[in-house]
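Okay, structure first, notes after.
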Amino acid sequence: MKCPVCGSNQSLVIDSRPEGIDSTTRRRRECKDCGCKYTTYEMTDETYKKCRELYDFCKRVKKIMEDKR
């Protein structure tokens, strides 16, 4: 994973646990170069697809609501 501060690809996973009821994993990482700690969320392709479908649906509803104003 790329560090959000320095852009290094060198990191250590310092904590990993399942998140919620879907197949998402939350990982705490520490950059080996600058020491920055950050969180990543990893999910299966199936979970990503469901999240993307929900996002697209919400986007369409928002557009409909804005058009009614």
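Before moving on, here are some points about what is shown:
- Of all residues in the range 1-17 being part of a strand (DSSP E or B) and of a type outside the set (D, E, K, R), the one that is nearest to the chain's Cα centre (by Cα): Ser16
- The listed residue being hydroxyl-bearing (Ser, Thr, Tyr), open to solvent by less than 80 Å² (accessible area, probe 1.4 Å) and in contact with a strand residue (DSSP E or B) (Cβ under 8 Å, 6 or more places away or on another chain), out of Thr25, Thr44: Thr25
- Scan the range 18-48 for residues that are without any contact (Cβ under 8 Å) to a residue 12 or more places away in the chain, over 14 Å from the mean Cα position of the chain (by Cα) and either outside any loop (DSSP other than H, G, I, E, B) or closer than 19 Å to Pro4 by Cα (or both) and the total you get is 1.
- Failed criterion for Cys51 (all others in (1) under 12 Å from the mean Cα position of the chain (by Cα); (2) assigned to a strand (DSSP E or B) hold): (2)
The values are calculated or read from the model by the stated rules, or taken from the named source; none is laboratory data. Every value quoted in this text rests on a predicted model; they were computed, and no experiment measured them. Neighbour counts are summed over all protein chains in view; Cβ atoms, including those assigned to glycine, are modelled from backbone coordinates with ideal geometry. Only protein heavy atoms, including side chains, enter the accessible area calculation; ligands, DNA and RNA are left aside. Shrake-Rupley method; radii C 1.70, N 1.55, O 1.52, S 1.80 Å.
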